[in-house]
Structure formats: C-alpha cells, structure tokens
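Report on the structure given below.
Here, each number is a calculation from the coordinates, and none is a lab measurement. Note that the structure is predicted; figures quoted are calculated from it, not measured. Virtual Cβ from ideal backbone geometry, glycine too; neighbours counted across all protein chains shown.
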Amino acid sequence: MLKFVRSAAAAALSLVLVLGLSACADIDGNGDAKVLKMALEIAPNALTTQMAQQAADQIKEETNGSVVVEIYPSGQLGSQRDFIESMILGTIEIGYVSASSVENFEPEFVLYDIPFTVFGPEHAETLWNSDISLEVQQRFLEEQGIRTLGMIDCGPRNIYTTEEVHSSGDFSKLTMRVADVAGLINLFDALGANPTVTSFNEIYTAMQTGVVNGFEIGLESVLSNNLQEVVDYCVETCHTYTIDCFLMSEKAYQRLTPEEQEIVTRAFAQASADQRRMFNENLVGYKEELAAAGVETIQLSDEEMDKLNEMAQPAIEKSISGIFDPSIVDEIRAMG
C-alpha cells in the first residue's frame, strides 16, 4: 500500500509539473506551436539527451516551428514509471525509458531484458527489428496507446560497487540498487545479492550514505551522472544488454498532421541510429575514462560466469513464465 501511495503521489506531482510547464508554453515564445514535452531521467550531458535535442532541433526546423519538442532531463518530470503513466494519459508526449521499465505496463517487453541472452550491439539491433519484437511493440501501442520511436543502445549492463567481487559467492556481499523491475529484482535475488529498489537519481546519494554498495547500469550512464565517483570496482558480468527506447503517446501523435507525424518519426529514427553508432564508437573511450577515474575493472573467470548463468536460470524462468515459452531464450540467443 505504501508503494502505491508513493507512486500515486509521484504521478500527481508529475502531472502538476507538466500542467505548469504547459501553461508556460506561450511565455517561452512557442506561440501556437504544438508543444511536445520530452521527459528523460538522465543528465543533460548524456549522449542520449544530446540525440533527443538533435531530434527536437530537426523537428522544429522541418515543421517550420509548428511542432516544438521541449527537453526535460534529470528526472524533472518524475521517474520512468511516471513518464509511461503520463504518456498513457497524454500529459507527457515523449519519453526516454529502458525497455525493462516498460515491463510493468507491457510484460512482453521482458523480451529485451532476459539475462544472459543478448551479447552485443548487432545482436541487440537484430532482436529489436525481429518479427516477434515488432509484434510486441504493436501490442504495446494497441493496449497502452504508446508507440516506439527508436531503439537506444547503452551496451552491456555491469555491476559497479565498493566491494571486491571475484566469484559468484561474493555476490552475497552486495546490497544492489535496482530499478523497480521484477526481472532485475528476481535476478539479483537468485544471484545471492540483496536487491533494493531505488530511483535512478538517488543512486549517488544511496552509495555515499551506504544504503546500497552496488548498482547495475550501462557504462555511459555511469559517467554522465558522475557515478564513477562513488565506486571502486566495475564487475563485468554483462548480465543483460541495455536496450532503451524513445516512446511517444499515441494521443499526442494523433494530434499531429500526417506530415508532422512523418517528420517526428523520421527525426527520432535518425537520432536513435546516430546514438547507436556514436555510443559504440565511444565505448573504448568510456572504458578509458572509467579507468582514469580510478575504478578497477574485474573480469570474472569463465568458470564463475558459468556459475552465474546457472544461478540465474530460476530468475530467467520466472521472468518469462506465462509470457513466453522457454524456447524464446534459445531463439533470441540464435539471433546473435
């Protein structure tokens, strides 16, 4: 009940902020333009935020100012759950969220988040464009009124911690910050850690104060939010591959003219493609930056990785139970 009350309060606050920001549209000089608010939980300097701004600039130019995308980074409009709830209502028009966050609204999005099944950027993109993936995205549109605008690649998810981890047994030392996603909670519970749900923008403080001693996200997100300052180790588990996405409220999409719809769709498709290319070009540099910050990277032995895979099997089965046939795991792996 407490969790529900907090979620409702957060959604209400988000709605108040959104309405207040909408009321300021004319003050910002947008006049009669159709204003699309875009919510992100990540920092303004993050690559994906920059790509979102690229799409916004392209849309404004190509529509001659009839459509204006306003960017709100750093969780100004709430959490990713708030973004999705608000897109369903149509009070936030566009959001950047992880595919795993969508699972709370469309369980089939677990397709993109099954542990130890996706192994690289080409593999992730093949999965995203597969027939089964397109069917999942279409159901999300039909059932929740949210359409996908593009796939964002944030690479393998690893563990960042203040504890030295060299074996599967060391996971018992970890109190892991995780997003409010059942699959992640189940995974780290199965691996012997203590998963603790904390919002993304509270990771830094939670690590500083010792509420948690580890978290798992993609490397670029670590650096763009200065989280390398509160960790000592990066444990390369590659337990999932980070597939994120740009999403848009169908209510907002249908308020646009067919020409405006085409421009918005094309701009975010281009921004997504540019993000994927730039992220992978920058990956070596990201790793060098992490090392320069004094964070030691730990690579587990093949034997220990095999143990993690085995320990994760119950979580994998639990995450897809009643959603997909167990054969989906081998089907996804074969795509790579």
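Express as a percent, rounded to the nearest 5, the fraction of DSSP beta bridges in the chain (both residues included) that run antiparallel.
Expressed as a percentage, antiparallel bridges in the chain total about 55.
Tell me, Arg266, Arg157 in order of fewest to most beta-carbon neighbours within 10 Å?
Numbers: Arg266 15, Arg157 23.
By the 10 Å Cβ count, ascending, the order reads Arg266, Arg157.
Please report, in debye to the nearest 20, how large the charge dipole of segment 108-192 is about its Cα centre when each Lys and Arg carries +1 at its beta carbon and each Asp and Glu carries -1 there.
200
In nm, to one decimal, how far is the modelled label at Asn45 from the one at Ala293, with both set 7 Å along Cα→Cβ?
That separation, rounded to one decimal, is 1.0 nm.
What's the FRET efficiency of Leu89 with Asn64 using the Cβ-Cβ distance as r and R₀ = 30 Å, to the nearest 0.05?
0.55
Say R0 is 51 Å: what FRET efficiency, to the nearest 0.05, do Thr162 and Gln261 get from their beta-carbon distance?
About 0.60, to the nearest 0.05.
With +1 on each Lys and Arg Cβ and -1 on each Asp and Glu Cβ, how big is the dipole of the chain about its Cα centre, in debye rounded to the nearest 20?
Its charge dipole is roughly 860 debye.
Give me the one-decimal nm value for the distance between modelled label points at Met311 and Asp274, 7 Å along each residue's Cα-to-Cβ direction.
Those two pseudo-labels are separated by 4.2 nm.
Assuming a strict under-15 Å limit between Cα atoms, what lysine pair count do you get for the chain once near-sequence pairs (fewer than 8 apart, same chain) are dropped?
Pairs that pass both the separation and distance tests number 4.
Need one number: nm distance between label points at Gln76 and His123, each 7 Å from Cα along Cα→Cβ, rounded to one decimal.
3.8
Need the C-alpha centroid separation for segment 241-261 versus segment 268-325, integer Å.
What the calculation gives is 27 Å, centre to centre.
Rounded to the nearest 0.05, what FRET efficiency do Val211 and Gln138 have when you use their Cβ-Cβ distance and R0 = 35 Å?
0.30
Find how much the distance from Gln53 to Lys251 grows on full extension, using 0.36 nm per residue of separation minus their present alpha carbon separation; answer in nm with one decimal.
Result: 69.1 nm gained on full extension.
Segment 113-176 to segment 35-53: how many Å between their Cα centroids?
If you average the Cα positions of each part, the centres end up 20 Å apart.
Between [x] 29, 26, 24; [y] 29, 24, 18; [z] 33, 22, 20, which matches semi-axes √(5λ) of the Cα gyration tensor in Å calculated for the structure shown?
Working out semi-axes √(5λ) of the Cα gyration tensor in Å from the coordinates points to [z].
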